[in-house]
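Step one of this worksheet: look at the structure below.
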Amino acid sequence: MTEKNSISLYSIASLWILPGLIMTLVFNEQPWLGRLGQIIGWGNIASVIIILYSSYKHKLFCSLLIGSTIGLKIYTIMTQQDSVFYIALLNTCFCAAGAVIALRSRTLVYYQLMMFCFINVIFMSLQVIGVGEWAQVFAAGWNYSLTPSNMIFTSYDQLNFLSLYSHYQARPFGLMESNTFLQLIILFSFALYFSQDNKKFAPNFIILCLMAVLAMSKLVFIFLALLIIGLVLTHKKLGYLYIFLFMGCLITLYKILFPGLYVYNLSSNTIMNSIFFRVNNLVDSLGYTNELSWLLRYTPTLGFLKPGEHISGYVSIIKQALIALPAGITALVFYVKMYLKHETVFKTHKKLIWINLLVILLFPMSFSAWRSNIFCFIAGFSLFPLFAVLKPVYLESKQYTEINTKSTCENVL
């Protein structure tokens, strides 16, 4: 493969990878689009292979990684058994691809996300208002009525008498299949926005704040609070507090337009239920039968989960602590070593590393995302120093900052 062909294939792969991951996430949950989702999923894997081969100098290691992943996939198909090793290797590939995109094509991904968020805000607005069942076209089949109801100026007491009241309208998700992964898209979009050099009060910021308020995600609100506190303490500027002010204005507007949904989403009872659901699930999954379980016996739990099932990704880590702990320490050592070795390159991306690290640490609190390709791809935007051990070609380029700012967006679009 010549250098020119490699660059051309990389441009196509980098243009495809994020939209492909989002489409796979949505289509795989639809019985009528499942086959298409599988085809797109294979396209995602092909894109990852192109990105890895065109970006890393350790071709032998890339070949072993990709070959092992394909071999294990064939094994899982033949035996009809799930393989943890296959999932781990596949998501390592996606994480390594995300590490490349973070430095070479971050601007492209940023524009793709902003375009998606803009369209998504339109659909979320239509869903929460209740314009029609067609707006819920990608709903993941929850046990809730999809028939919309009028929510504008509807009080909480009136909601109790609306037999067609839908959970989807309370927490709309637009073009996504559920509100869970919409949270991840919002968090990642905020991370890319605040990692930009341009700090202006841009329309993109308004779009992201609208998504956050319409989604009514407590996790996103926690992320923004921690982020603002961190930015204020780091930069010694109170100007970032305008985010609190603007979000407060949007939430007040939401309260005026949708008083019933405001109470439903942000009442103390709802917030405490959300907290105790996760605490009890953590306690039950770890098999505690001590005083802690006794103290929590009258608190709400998620009754639809089977014994041993969990919603928090950190339960998986704790259960596999004998493997996760040594692996985490080893990865941390390599991470620090590679960061210090290539500090001249990575220091210009320090803000992206820390903000996106907050994303990948917070999101597993609400969902066990370790098997998710898109989550691991996004994790690569913080973990790219770890993959410097594979000698990525961009580390040898004196134009790495220009690659990041211009990106492949101008070359492809």
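Bear in mind these aren't lab numbers, they're just calculated from the coordinates by the rules spelled out. Just so it is clear, the model here is predicted, and its values are computed rather than measured. Please note: Cβ atoms are built from the backbone with ideal geometry, for glycine as well, and neighbour counts cover all protein chains shown.
The table below lists the values:
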{"item": "FRET efficiency, residue 80 to residue 268 (Cβ-Cβ, R0 60 Å, nearest 0.05)", "result": "0.80"}
{"item": "Highest-first arrangement of 230-236, 180-186, 150-156, where packing means the average Cβ count within 10 Å", "result": "180-186, 150-156, 230-236"}
{"item": "For residue 56, residues with placed amide H under 5 Å, excluding near neighbours", "result": "393"}
{"item": "For peptides 9-21, 216-228, sequence by mean Cβ density within 10 Å, most packed first", "result": "9-21, 216-228"}
{"item": "The range 106-266: relative contact order as a whole-number percent, Cα under 8 Å and 6+ apart", "result": "29"}
{"item": "Charge dipole of the range 106-266 about the Cα centre (unit charges at C-beta), most positive-ward option of 111, 214, 181", "result": "111"}
{"item": "15 Å beta-carbon shell around residue 84, net charge (K/R +1, D/E -1)", "result": "+2"}
{"item": "Efficiency of FRET between residue 225 and residue 12 - r from beta-carbon atoms, R0 35 angstrom, step 0.05", "result": "0.35"}
